[in-house]
Amino acid sequence: MKKFIQREDYPIVKTKAGKLRGFELDGMFHFYGIQYATAKRFLPPKPVAKWEGVKEATSYGYIAPLIDPASPMGDVAIPHRFWPESEDCLYLNVWTKSLEKTAKKPVMVWLHGGGFSAGSSLEMVAYDGANLCDFGDVVVVTLNHRLNMLGYLDLSSFGAKYKNSGNAGMEDIVVALKWVRDNIAGFGGDPDNVTIFGQSGGGMKVTCLGQIPEAYGLFHRMIVMSGVGDFGGRDKRDDRKIALAMLEHLGLKEKDIGKLETLPLHDLFEAFHAVQKQLRKAGVTLTWEPIKNDWYLGDPLEVGFSDYAKTIPTMVGTVVAEFAAFGPGVPGRAGMTSEQKHGVLEQRYDKHTDKVVELFRKAYPGHDDLEVLMLDNIFRKPTLRYIEEKSAAATAPVYSYMFALDFPIDGGKPAWHCADIPYVFHNTELVPNCGMPGISERVEEQMSSAYVNFARSGDPNTPALPEWSAFTPKNKATMVFDKRSELRVDYERELFDLLDKILPPFSLADMFAHNDD
């Protein structure tokens, strides 16, 4: 039985704004729902006001409102949990094993996935920070921030007060990192050793922070998990048209733009839904992401890496199948002969089948040939470009990885988008599909150790893995996490080059295109 401790005067941490009380469980301190800022709709966040007495920090804070209902990808693949939504959503959570200011433990700040439109700090069961904190003796922080139009609708053309409304969600994260800088020592953390890490949309937020001058100095390591994508459509984005269409639907004029600040949230979202179809027909992109301006320098793959980002040790990687693993797969493949599998592959690769199989086996030895059908070629290509360009430009090391583990679902399923998260957080015990005795424990030890060591020193090497060298233009090394993890050099280039020649181009924007009929 775990030992729980909480008294009127314990455990209490004094922050700049006031005192907080959490609880202790088996020597670990938990502080939930710490409000790090407040914000009015479309406007910059502001630090919370100081308070007297002691505030409770034992319940998770509200999560950001979602324009569309959350749709989990199945609780076998990605166990989810849901929480009340509110525009009052600027909260963070802390797990730590010390409340001594002299402890100076590495700090790991997690940015959740869901693109820039969905998700939360507790959306996935695997986001819980307790096991990572305990295993790595690090301070773990997770946070919520504004999303979708509340965080990224650019209204700058309507007046100076909205100058950075298109980056409000990222402004929230910067303020959260300032909170960490100013307060984390009281939770045993080192404000001069902060790692930002995130998956999918969270990884994208990590890359964005490297391009935001106001964030420089607030973090010292970056980990990007499946967070580099070629979304396209930025040239078709026109938030002014979105706002004007919503105003017209609401029976308002351009001069009434300020009314969008106080409109009931349900009515605001309903107006957006009502005009989506006509905007798409007009060619307007309706995906949310930060806006390039003098506050955010822009995507590093478009504008180059900032001088600050070049100095930050970075770990970057993807999983082997990403979103392709959510497809139907090949029914009955577990009982197929090798000849039958070859026949299935021929339907796609025709005369190139033998060469595709040869190169796939070379890249992923021990994997079923049919898995080449699910091989991710959407995240991986821009990720490799990111790794190559940053390693060539940076003064700090860049480490490349691939998560290639197979899972015991439907006779074997290659790693999907989010499948690596439980292994990073040391939370495989919380996720049923990780139930692979003798395998999950080993891979979890390898990944968690690598992430913790990277957060501690900027070097992911651990006795649990073969030596992991940094990726360089001459040494294109990638750590492949698998049943037998190993370092491989430029191991997938030939396969991707061949697939590029024989398959039609496919974009991430196409994958997420909406059907309005």
*asked:* Given the DSSP H assignment, sum -39500 (n - 2.57) over each helix run of at least 4 residues in the chain and divide by its residue total; what's the result at 222 nm in deg cm²/dmol, nearest 500?
replied: -8000 deg cm²/dmol
*asked:* If you count only protein heavy atoms and use a 1.4 Å probe, how large is the accessible surface of W110, to the nearest 10 Å²?
replied: 0 Å²
_³J(HN,Hα) computed for each position of region 48-60 - Karplus, 6.51 cos²θ - 1.76 cosθ + 1.60, integer Hz, glycine/proline x_ = 5, 6, 5, 9, 9, x, 10, 8, 6, 10, 10, 9, 4
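So how do D190, D68 rank on accessible area, 1.4 Å probe, biggest first, that is with the largest at the start?
Values: D190 25, D68 75 Å².
The ordering from most to least exposed comes out as D68, D190.
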*Residue by residue through region 405-413, which ³J(HN,Hα) values in whole Hz follow from phi under the Karplus form 6.51 cos²θ - 1.76 cosθ + 1.60 (θ = phi - 60°), with glycine and proline marked x?*
5, 8, 10, x, 10, 6, x, x, 10
*What are the residues whose amide H is under 5 Å from the amide H of V224, where those residues sit 5 or more places off or on another chain and H is modelled from the backbone?*
M315, V316, G317
*Assuming R0 = 45 Å, what is the FRET efficiency of K259 and R81, from their Cβ-Cβ distance, to the nearest 0.05?*
0.80
*With a 1.4 Å probe and every protein chain left in place, tell me how much accessible area S200 has, in Å² to the nearest 10.*
10 Å²
*asked:* With the crude spin-label approximation of a point 7 Å out along Cα→Cβ, what separation in nm comes out for D26 versus I5?
replied: 1.6 nm
*At a Förster radius of 22 Å, what calculated FRET efficiency corresponds to the Cβ-Cβ distance of S338 and K483, to the nearest 0.05?*
0.60
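Of Y364, Y216, which has the most accessible area with a 1.4 Å probe, and how do the rest follow in descending order? Working shown, then result.
Numbers: Y364 5, Y216 70 Å².
The residues order as Y216, Y364, largest area first.
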*asked:* Please list 3J(HN,Hα) in residue order for region 149-160, calculated via the Karplus relation 6.51 cos²θ - 1.76 cosθ + 1.60 where θ = phi - 60°; whole Hz, with x for glycine and proline.
replied: 5, 5, x, 9, 7, 7, 10, 4, 6, 9, x, 5
*Extreme residue, positive dipole direction of region 101-241, given options A103, V125, I173 (C-beta unit charges)*: I173
*Go through region 1-92 and name the chymotrypsin sites (Phe, Trp or Tyr not before Pro) that are in a DSSP coil and have 15 or fewer other Cβ atoms within 10 Å of their Cβ.*
W51, F82
*Positive dipole terminus of the chain, leading residue within I78, A282, V94 (C-beta point charges)*: V94
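Given an 8 Å cut-off on Cα distances and at least 6 residues of separation, report the relative contact order of the chain as a percent.
Details: 1042 pairs, mean separation 69.5, N = 517.
About 13 percent, as a whole number.
So for the chain, Kirkwood radius off the Cα pairs, Stokes-Einstein at 10 °C and 1.306 mPa s: how many µm² s⁻¹?
Values: Rh = 24.0 Å.
The calculation lands on 66 µm²/s.
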*Among T478, T285, T337, what's the order by accessible area (1.4 angstrom probe), most exposed first?*
T337, T285, T478
*Could you do me a favour and compute the accessible area per residue for region 380-517, 1.4 Å probe, result in Å²?*
43 Å²
_Give me the one-decimal nm value for the distance between modelled label points at E494 and A464, 7 Å along each residue's Cα-to-Cβ direction._
3.3 nm
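Give me Rg over Rh for region 391-443, both radii from the alpha carbons and Rh done the Kirkwood way, two decimal places.
Working: Rg = 14.2 Å, Rh = 12.8 Å.
Over the Cα atoms of region 391-443, Rg/Rh equals 1.11.
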_Using the basic label-point model (7 angstrom from Cα toward the beta carbon), what is the R240 to E56 distance in nanometres?_
4.9 nm
*Length released on extending from E270 to E100, taking residue separation times 0.36 nm less the Cα-Cα span*: 56.3 nm
*Keeping the other protein chains in place, figure out the carbon and sulfur percent of the accessible area of the chain, with a 1.4 Å probe.*
52 percent
*Per residue value of the accessible surface for region 205-288 (all protein chains in place, 1.4 Å probe), Å²*: 44 Å²
_Along the charge dipole of the chain, pointing to its positive end and built from +1/-1 on Cβ of Lys, Arg, Asp and Glu, which listed residue (S156, W416, P437) has its Cα farthest out?_
S156
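The values are calculated or read from the model by the stated rules, or taken from the named source; none is laboratory data. As the structure is a prediction and not an experimental result, all values here were calculated from the model. Counting neighbours? That spans all protein chains shown, and the Cβs are built from the backbone with ideal geometry, glycine included. Ligands, DNA and RNA are stripped out before the accessible areas are found, and what is left, the full protein with its side chains, is counted by its heavy atoms. Shrake-Rupley method; radii C 1.70, N 1.55, O 1.52, S 1.80 Å.
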